[in-house]
There are 2 protein chains.
Amino acid sequence: MDSAPPAPPSSPSPWLPFESRRRARDEKREAVLRAAVQLFLEQGYHRATLNEVADRLNITKPALYNYFRGKDEILFECWSMGAELVDGVITEINAGGGSGLAKLRKLVHAYATLMATDFGASLVRFDLRDLAERNAGVARAAKRRIDATFRRYITAGIADGSIRPCDPKLAAFAIAGSLNWIGHWYRREGKLSPTAIADEFTVRLTDGLAAEVRLQMTKKTPRAPQGRNSGRKATGKKRTGGETG
Amino acid sequence: MDSAPPAPPSSPSPWLPFESRRRARDEKREAVLRAAVQLFLEQGYHRATLNEVADRLNITKPALYNYFRGKDEILFECWSMGAELVDGVITEINAGGGSGLAKLRKLVHAYATLMATDFGASLVRFDLRDLAERNAGVARAAKRRIDATFRRYITAGIADGSIRPCDPKLAAFAIAGSLNWIGHWYRREGKLSPTAIADEFTVRLTDGLAAEVRLQMTKKTPRAPQGRNSGRKATGKKRTGGETG
DNA sequence: ACGATATGTTACCCACGGGTAAGAAAAAGT
DNA sequence: ACTTTTTCTTACCCGTGGGTAACATATCGT
């Protein structure tokens, strides 16, 4: 709809139409997911109806069944999109080098950023009990992998001396808890930009574990030692649309 | 049902029967809430039916309407129970003295402990959008109060020097996120006792903020410098029933 | 003992929303 | 131009579960 295809003037190859047709289908499928995840997040899975999803796409409910077997499968696919994003992040970090602490910091930063996206938030805001048993199993496995990664980086950090000895399990719980919660309070319209949040959380969640001196400056120099932070206005007082709970 | 009344042999006063009758009613009301909160947590609000709630109490669905106006009101009352617990904790801490950091630590500890209870968990596992608008407003207000308390303690701590300068808002988000998440992963059958969790989180979530040296010992002395920790077996490897996500 | 009230039961209603059947409309293939 | 396949619509089904009405029964005050 919004992104016009590259418009191949007239495809001579009989393959291209086939490919483009498959692409069109995949694009529609994804459009459904985008509309669905948005609505599910807005209203909650059970309050959102397939009719509403369809309405947003200017189609009717049964048309959705050309792309998905049912509501719960749509939910699962939304969830999967988020999981794939995380998996991508993890394999990328694994590919690179660095101490356990460095890897943990990368993961925290990327994960925090993801939590500010629709598909990322769906990872923590959707209830796996709404999935068919088969899909729920897949999702649980993915969660375990993510959890294991947190713990592995921490364990590695302890081994290589970059992280002070601690219980990796509880440390992972604490860190992941803070991060997951972002998915619940973050609002696009709020004052905090995703990168600002990610920068801050990277420091706050890991400097308590670091073996060496703290990253953060003790004086009033605002914050975020890393680079890139978009336009933000320091510690504004007004409502930003979300509480801790 | 399970707790026989004190059995006043024959109450001469006409007041007592009245009182005892009201008590009986309140007890039943609370029994409904206990059954409901348990079921709502187990299955999720939407999947749980009033018939199931009634079944667990050996009554029938319409009987519930003697005590509540509807399903959403039951949900709200469950939520309120949790909120009252937190409010109690807060007023108690406010009554006592101590630095901002000390108060924050007390709050973290108590809040973490609460998250391991049914009514406490309901604070973070129920969706306020399921409430009638009026009740949702009350709940939002309560959440704001709790959030404000976290920030107030942090701000006070910065002012009195017990906490290093930082953004109280983000610090509160980070801490509350970790704590709230407990309500999602804690399992009664797991190996981690509520007090063990609370002890650990109290240290881990606040020592990054403390102005003075860390509480936690750097060496391998297991953990939990505070007193009381129930029977626990160190860092067991096996599944404890819950991942970070 | 007796009427009033509170409490509970059986039987029912019905809105809601996921899912399906049958066929129109649009595209693709030939 | 024709058939075939894909895509989408209209019309419908129906299980589910919150909520209600009418009636039964226990409880209490007097």
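Derivation of every value follows stated rules applied to the coordinates shown; laboratory data play no part. Nothing here was measured: the structure is a model prediction, and the numbers come from that model. FYI the Cβ positions are ideal-geometry reconstructions off the backbone, even for glycines, and counts take in every protein chain you see.
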* Structure fact -> Counting only residues that are away from chain B (no Cβ under 14 Å), part of a helix (DSSP H, G or I) and either away from DNA strand D (no atom under 12 Å from the Cβ) or surrounded by fewer than 16 Cβ atoms within 10 Å (Cβ to Cβ) (or both), segment A:38-74 contains a total of 10
* Go through (1) within 14 Å of chain B (Cβ to nearest Cβ); (2) within 16 Å of DNA strand D (Cβ to nearest atom); (3) β-branched (Val, Ile, Thr) one by one and return the number of the condition A:Val108 breaks. => (2)
* To do: Filter segment A:18-37 down to the residues that are of a type outside the set (Gly, Ala, Ser) and farther than 30 Å from B:Arg129 by Cβ, then identify the one that is nearest to DNA strand D (Cβ to nearest atom).
  => A:Arg25
* Structure fact -> Among residues of segment B:82-98 being surrounded by 19 or more Cβ atoms within 10 Å (Cβ to Cβ) and of a type outside the set (Gly, Ala, Ser), the residue farthest from DNA strand D (Cβ to nearest atom) is B:Ile93
* Can you find a residue in segment A:152-171 that is of a type in the set (S, T, N, Q) and closer than 25 Å to B:Met115 by Cβ? -> no
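Being surrounded by fewer than 24 Cβ atoms within 10 Å (Cβ to Cβ) and touching a helix residue (DSSP H, G or I) at 6+ places or on another chain (Cβ under 8 Å) is true for just one of B:Ala176, B:Ala148, B:Ala136. Which residue is that? Steps first, please.
Numbers: B:Ala176 fails: surrounded by fewer than 24 Cβ atoms within 10 Å (Cβ to Cβ); B:Ala148 fails: touching a helix residue (DSSP H, G or I) at 6+ places or on another chain (Cβ under 8 Å).
Step by step, each of B:Ala176, B:Ala148, B:Ala136 is checked, and only B:Ala136 is surrounded by fewer than 24 Cβ atoms within 10 Å (Cβ to Cβ) and touching a helix residue (DSSP H, G or I) at 6+ places or on another chain (Cβ under 8 Å).
So which residues in segment B:160-173 are within 11 Å of chain A (Cβ to nearest Cβ) and in contact (Cβ under 8 Å) with a residue 12 or more places away in the chain?
Of all residues in segment B:160-173, those within 11 Å of chain A (Cβ to nearest Cβ) come to B:164-173.
Correct list: B:Arg164, B:Cys166, B:Pro168, B:Lys169, B:Ala171, B:Ala172.
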* So A:Val124, is it free of Cβ contacts under 8 Å to residues at least 24 places away in the same chain, out of contact with any strand residue (DSSP E or B) (no Cβ under 7 Å at 6 or more places or on another chain) and in a helix (DSSP H, G or I) -> no
* Name the residue, out of B:Asp130, B:Asp118, that is facing chain A (nearest Cβ under 10 Å) and closer than 22 Å to B:Phe68 by Cβ. => B:Asp130
* Structure fact -> Note on segment A:140-159: residues more than 9 Å from chain B (Cβ to nearest Cβ) and more than 22 Å from A:Ala198 (Cα to Cα) are A:Ala141, A:Thr155, A:Ala156, A:Ile158, A:Ala159
